[in-house]
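Structure first, then comments.
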């Protein structure tokens, strides 16, 4: 049994090798291998039922792998002494006894991990709950519970943060706050693993992406590469006689009057075609695919729950 002293952030890596978890005949996680390194925010994406939450539970020792390994700084989570000094995690913001005050909840965690009592007041201030530290958690909103969960995760000044949907329930100011917090944590050299369904926020804060679907790892790469390698070329056009361009390009052009988009054709090629057919273009703007666009396409064949259009339901 051993742990790490505070502020040795650069040495702590989450390392999964062949990680597999079966529930009966169902493989919730199937031969997944990855490394989450320090100094960056790693986004963890997957549709519902993809194995994302199971993977996070395996990292934190809440479930036991059927086979394979996952370590934090070279150790299984259960072998970390005073684990809050190494890993701070939020998997369920509602997992707090409603009758306890915010301060009492954190004081209990601090006492069990050898953390000084003054640290409770410090983290309550960081997350904006200092004024309600004496209130019972049962009266907290979801956003306040999220902040309390993050306070608990920060309590031991850990080198690793693992957060599952921490932005749920937060207002706009709260989302901006947590975005800045995660960025600063990574910039200090900590290892940050962030799960969220808010693709726009992931695009703003993540440096690297892990994508899982049906228990299998589908992508493990920097966010820019994730988009550029898979994103379809999309160009916005505006001008006169776009019906001619639509006739030339067929299904690749989605034209409505004097404006539209063209998919799978470069702006250079569209410009050449416009010149060749005497089409006057007032706008020819390449549009970069979003993380949401690429993610949706990537996991399309790995969805547990599929939606039908309302008219076909």
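Somewhere in the range 205-218, is a residue closer than 23 Å to residue 147 by Cβ and buried (at least 20 other Cβ atoms within 10 Å of the Cβ)?
Yes, the range 205-218 contains a residue that is closer than 23 Å to residue 147 by Cβ and buried (at least 20 other Cβ atoms within 10 Å of the Cβ).
Residues being crowded, with 17+ Cβ neighbours inside 10 Å, in contact with a helix residue (DSSP H, G or I) (Cβ under 7 Å, 6 or more places away or on another chain) and free of Cβ contacts under 8 Å to residues at least 60 places away in the same chain: count how many of those fall in the range 62-100.
Looking only at that region, the number is 5.
List the number of the failed condition for residue 110; all other conditions in (1) more than 24 Å from the chain's Cα centre (by Cα); (2) surrounded by fewer than 20 Cβ atoms within 10 Å (Cβ to Cβ); (3) over 20 Å from residue 193 (Cβ atoms) hold.
Of (1) more than 24 Å from the chain's Cα centre (by Cα); (2) surrounded by fewer than 20 Cβ atoms within 10 Å (Cβ to Cβ); (3) over 20 Å from residue 193 (Cβ atoms), only one is false for residue 110: (2).
Taking the range 45-63 as the search range and keeping residues that are touching a strand residue (DSSP E or B) at 6+ places or on another chain (Cβ under 8 Å) and in a loop (DSSP other than H, G, I, E, B), which one is nearest to residue 147 (Cα to Cα)?
Within the range 45-63, the match that is nearest to residue 147 (Cα to Cα) is 60.
Here is a yes/no grid of residues against (1) within 21 Å of the chain's Cα centre (by Cα); (2) surrounded by fewer than 21 Cβ atoms within 10 Å (Cβ to Cβ); (3) touching a residue at least 12 places away in the same chain (Cβ under 8 Å):
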position	(1), (2), (3)
138	no, yes, yes
142	yes, yes, yes
146	yes, no, yes
156	no, no, yes
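For the range 99-113, state whether one or more residues are part of a loop (DSSP other than H, G, I, E, B), assigned by TED's automatic domain parsing to the domain that holds residue 21 and closer than 25 Å to residue 183 by Cα.
No, every residue in the range 99-113 fails to be part of a loop (DSSP other than H, G, I, E, B), assigned by TED's automatic domain parsing to the domain that holds residue 21 and closer than 25 Å to residue 183 by Cα.
For residues in the range 219-238 being over 14 Å from the mean Cα position of the chain (by Cα) and in a strand (DSSP E or B), which is modelled with the lowest pLDDT?
Among those that are over 14 Å from the mean Cα position of the chain (by Cα) and in a strand (DSSP E or B), it is 234.
Name every residue in the range 158-215 that is modelled with pLDDT under 90, farther than 28 Å from residue 229 by Cβ and in a helix (DSSP H, G or I), in order of residue number.
The answer is none; no residue qualifies.
Which one of 27, 6 is over 20 Å from the mean Cα position of the chain (by Cα), assigned to a strand (DSSP E or B) and modelled with pLDDT under 95?
Within the list 27, 6, the selection yields 27.
The values are calculated or read from the model by the stated rules, or taken from the named source; none is laboratory data. A quick note: this is a predicted structure, and the numbers were derived from the prediction, not measured. All Cβ positions, even for glycine, are placed from backbone atoms using ideal geometry, and neighbour counts span all protein chains on display.
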